[in-house]
Amino acid sequence: MSLLAQLDPLKAEALAALAAATDLPALEHTKGALLGGDGKFTALMKQLGTLPKEERPAAGKAINAVKAELETALANRRSELEFKAALPKEPTDWTLPGRRRAVGKLHPLTQITDDIVKAFRKVGFAVADGPEIEDEYHCFDALNTPADHPARDSQDTFYLASDKRPLLRTHTSSVQIRVMQSQPPPIRIIVPGRVYRRDNADATHNPTFHQIEGLYVDRNVTVGDLKGTVEAVFKDVLGGDVKLRFRPHYFSYTEPSLEIDFTNALVKKLGKDWLEIAGCGMVHPQVFENVGYDPEVWTGWAFGFGIERIAMLRYGITDIRLFYENDVRFLRQF
Ligand code: DAH
């Protein structure tokens with residue numbers, strides 16, 4: 001067969017062989033078999049010298065064109081196979097979180113909420129959630145708060161214009177009711193969340209702030225459990241020198257009701273002996289009746305405290321408004 005007649009079938013064979021190489025070593029092997037010292041294509045080029053002189057230029061040109069084509073095909077196939085070789089061998093879960101946040105950090109209120117939640121989880125509490133737009137039943141009635149109670153006044157509570165009088169929850173206690181309505185006892189939950197009150201903003205007030213509610217319902221639950229749990233968590237979050245004091249108080253949803261005062265080195269530094277930090281008490285039997293729990297069988301305690309207060313104590317902040325201004329000079333310090 002003449003040299004030129006061999007060229008086309010060899011080209012077709014070579015292109016097929018390059019395409020058939022499924023990894024880089026196979027491709028290098030194919031390259032050698034075609035273009036190496038003993039390669040088929042090299043052999044063809046060697047035959048060039050045997051042609052009559054006048055046929056050599058045209059044949060040489062044809063062979064070089066095919067050679068260039070094969071080299072391009074080889075380079076393309078090589079980059080395809082290199083790409084394939086660089087892909088992960090194992091399936092990859094691209095939704096996994098990164099090891100580090102790429103930019104920014106968590107807001108100090110989020111950081112302290114996470115720490116409080118962690119401290120409660122250690123002693124067996126789960127996190128529950130409820131709506132910020134509430135109704136009067138869950139925010140007040142079911143919590144045994146009478147219709148004429150001042151907290152329900154439109155001077156204190158944000159009511160939304162509507163016949164059913166929805167409102168912005170004034171405390172996370174509404175979630176106690178929602179949780180008890182939706183599951184049987186025993187219950188051990190905390191509820192971090194945003195609450196709203198019609199206050200003007202000043203150094204210690206803001207119309208929206210954050211609370212953590214706690215609810216523990218089981219048989220034979222005592223005030224001793226309440227004190228021990230709250231004390232363990234405050235020590236965990238704010239340090240071992242924390243001291244708590246429980247004073248009698250009144251809430252419509254607990255009986256007895258107590259207020260918790262707090263002190264540590266920082267409180268002393270602020271020139272105070274004690275700071276009011278939380279409300280708590282034993283769940284009122286009427287509240288159990290309202291959610292369909294038998295108060296002869298079940299006992300429980302509940303508490304609620306403000307997250308901003310605790311963050312201010314931890315970080316020595318004296319103006320609550322700093323938390324909401326999103327000034328990076330403030331936020332970068334945490
Ligand atoms: N809801 C109260 C408040 O916003 C705090 C509170 C007091 C929560 C007593 C409770 C409780 O669960 O038992 O000031």
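Scan region 195-216 and tell me whether some residue there is over 21 Å from residue 151 (Cα atoms) and either touching a helix residue (DSSP H, G or I) at 6+ places or on another chain (Cβ under 7 Å) or part of a strand (DSSP E or B) (or both). Spell out how you get there, then give the answer.
Within region 195-216, the first condition is being over 21 Å from residue 151 (Cα atoms), and the residues that meet it are 203, 215-216.
Of the ones still in play, those that are also either touching a helix residue (DSSP H, G or I) at 6+ places or on another chain (Cβ under 7 Å) or part of a strand (DSSP E or B) (or both) are 215-216.
For region 195-216, residues over 21 Å from residue 151 (Cα atoms) and either touching a helix residue (DSSP H, G or I) at 6+ places or on another chain (Cβ under 7 Å) or part of a strand (DSSP E or B) (or both): present.
Kindly list the number of the only condition in (1) within 25 Å of residue 140 (Cβ to Cβ); (2) surrounded by fewer than 19 Cβ atoms within 10 Å (Cβ to Cβ) that fails for residue 321.
Exception for residue 321: condition (1).
Would region 238-260 turn up any residue that is surrounded by 14 or more Cβ atoms within 10 Å (Cβ to Cβ), outside any strand (DSSP E or B), in contact (Cβ under 8 Å) with a residue 24 or more places away in the chain and away from the ligand (no atom under 11 Å from the Cβ)?
Scanning region 238-260, I find at least one residue that is surrounded by 14 or more Cβ atoms within 10 Å (Cβ to Cβ), outside any strand (DSSP E or B), in contact (Cβ under 8 Å) with a residue 24 or more places away in the chain and away from the ligand (no atom under 11 Å from the Cβ), so the answer is yes.
Return a yes/no flag: does region 308-321 have any residue that is in contact (Cβ under 8 Å) with a residue 12 or more places away in the chain, within 15 Å of the ligand (Cβ to nearest atom), in contact with a Phe, Trp or Tyr (Cβ under 6 Å, 6 or more places away or on another chain) and under 22 Å from residue 125 (Cα atoms). Lay out the reasoning, then the answer.
Of the residues in region 308-321, the ones in contact (Cβ under 8 Å) with a residue 12 or more places away in the chain are 308-311, 313-316, 318-321.
Then drop every residue that is not within 15 Å of the ligand (Cβ to nearest atom), which leaves 308-310.
Remaining after also requiring in contact with a Phe, Trp or Tyr (Cβ under 6 Å, 6 or more places away or on another chain): 308.
Going one step further and asking which of them are under 22 Å from residue 125 (Cα atoms), we end up with 308.
Taking every residue of region 308-321 in turn, at least one turns out to be in contact (Cβ under 8 Å) with a residue 12 or more places away in the chain, within 15 Å of the ligand (Cβ to nearest atom), in contact with a Phe, Trp or Tyr (Cβ under 6 Å, 6 or more places away or on another chain) and under 22 Å from residue 125 (Cα atoms).
Consider residue 277 carefully, then state whether it is within 16 Å of the ligand (Cβ to nearest atom), part of a helix (DSSP H, G or I) and of a type in the set (A, V, I, L, M). So that I can check it myself, show each step before the final result.
Numbers: within 16 Å of the ligand (Cβ to nearest atom): yes; part of a helix (DSSP H, G or I): no; of a type in the set (A, V, I, L, M): yes.
In short, no.
Within region 152-167, how many residues turn out to be free of Cβ contacts under 8 Å to residues at least 40 places away in the same chain and buried (at least 16 other Cβ atoms within 10 Å of the Cβ)?
Summing the residues that are free of Cβ contacts under 8 Å to residues at least 40 places away in the same chain and buried (at least 16 other Cβ atoms within 10 Å of the Cβ) in region 152-167 gives 3.
On the given criteria, is residue 125 in contact (Cβ under 8 Å) with a residue 12 or more places away in the chain, among the aromatic types (Phe, Trp, Tyr) and closer than 18 Å to residue 190 by Cβ? Explain how you work it out, then say what you get.
On the way: in contact (Cβ under 8 Å) with a residue 12 or more places away in the chain: yes; among the aromatic types (Phe, Trp, Tyr): yes; closer than 18 Å to residue 190 by Cβ: yes.
Yes, satisfied.
Is at least one residue of region 57-78 in a loop (DSSP other than H, G, I, E, B) and over 25 Å from residue 22 (Cβ atoms)? Explain how you work it out, then say what you get.
Residues of region 57-78 that are in a loop (DSSP other than H, G, I, E, B), as a first pass: none.
Checking region 57-78: not a single residue is in a loop (DSSP other than H, G, I, E, B) and over 25 Å from residue 22 (Cβ atoms).
Just the residues that are assigned to a helix (DSSP H, G or I) and either touching an Asp or Glu at 6+ places or on another chain (Cβ under 6 Å) or under 14 Å from residue 5 (Cα atoms) (or both), please, taken from region 29-55.
Step one: of region 29-55, the residues assigned to a helix (DSSP H, G or I) are 29-35, 40-50, 53-55.
41, 44, 45, 47, 48, 55 - these are the residues of region 29-55 that are assigned to a helix (DSSP H, G or I) and either touching an Asp or Glu at 6+ places or on another chain (Cβ under 6 Å) or under 14 Å from residue 5 (Cα atoms) (or both).
Within region 33-54, which residues are over 19 Å from residue 12 (Cβ atoms) and open to solvent by less than 90 Å² (accessible area, probe 1.4 Å)? Don't jump to the end; show me each part of the working.
At the first step, the residues of region 33-54 found to be over 19 Å from residue 12 (Cβ atoms) are 36-38, 46, 48-54.
Across region 33-54, the qualifying residues are 36, 37, 48, 49, 51, 52.
Any residue at all in region 13-29 that is in the same structural domain as residue 80 (by TED's automatic domain parsing), more than 23 Å from residue 83 (Cα to Cα) and free of Cβ contacts under 8 Å to residues at least 60 places away in the same chain? Lay out the reasoning, then the answer.
To start, the set of residues in region 13-29 that are in the same structural domain as residue 80 (by TED's automatic domain parsing) comprises 13-29.
The next check asks that each one be more than 23 Å from residue 83 (Cα to Cα); those that pass are 13.
Okay, now just the ones that are also free of Cβ contacts under 8 Å to residues at least 60 places away in the same chain, so 13.
The answer is yes; a qualifying residue exists.
Being acidic (Asp, Glu) and in a helix (DSSP H, G or I) is the filter; apply it to region 106-139 and report the residue that is farthest from the chain's Cα centre (by Cα). Please lay out each step first, then the result.
Filtering region 106-139 down to residues acidic (Asp, Glu) leaves 114-115, 129, 132, 134-136.
Filter once more, keeping what is in a helix (DSSP H, G or I): 114-115, 136.
Numbers: 114: 11, 115: 14, 136: 31 Å.
Across region 106-139, the extreme among qualifying residues is 136.
Looking for something within 26 Å of residue 200 (Cα to Cα), at pLDDT 95 or above and buried (at least 21 other Cβ atoms within 10 Å of the Cβ) - is there at least one such residue anywhere in region 281-302? I'd like the intermediate steps shown before the answer.
If we filter region 281-302 for residues that are within 26 Å of residue 200 (Cα to Cα), which is where we start, we get none.
No, every residue in region 281-302 fails to be within 26 Å of residue 200 (Cα to Cα), at pLDDT 95 or above and buried (at least 21 other Cβ atoms within 10 Å of the Cβ).
The values are calculated or read from the model by the stated rules, or taken from the named source; none is laboratory data. Because the structure is a prediction, the values reported are computed rather than measured. Quick reminder, even Gly has a Cβ in these numbers, built from the backbone with ideal geometry, and neighbours come from all protein chains shown. We work out accessible area using only protein heavy atoms, side chains counted, and drop any ligands, DNA or RNA first. Shrake-Rupley method; radii C 1.70, N 1.55, O 1.52, S 1.80 Å.
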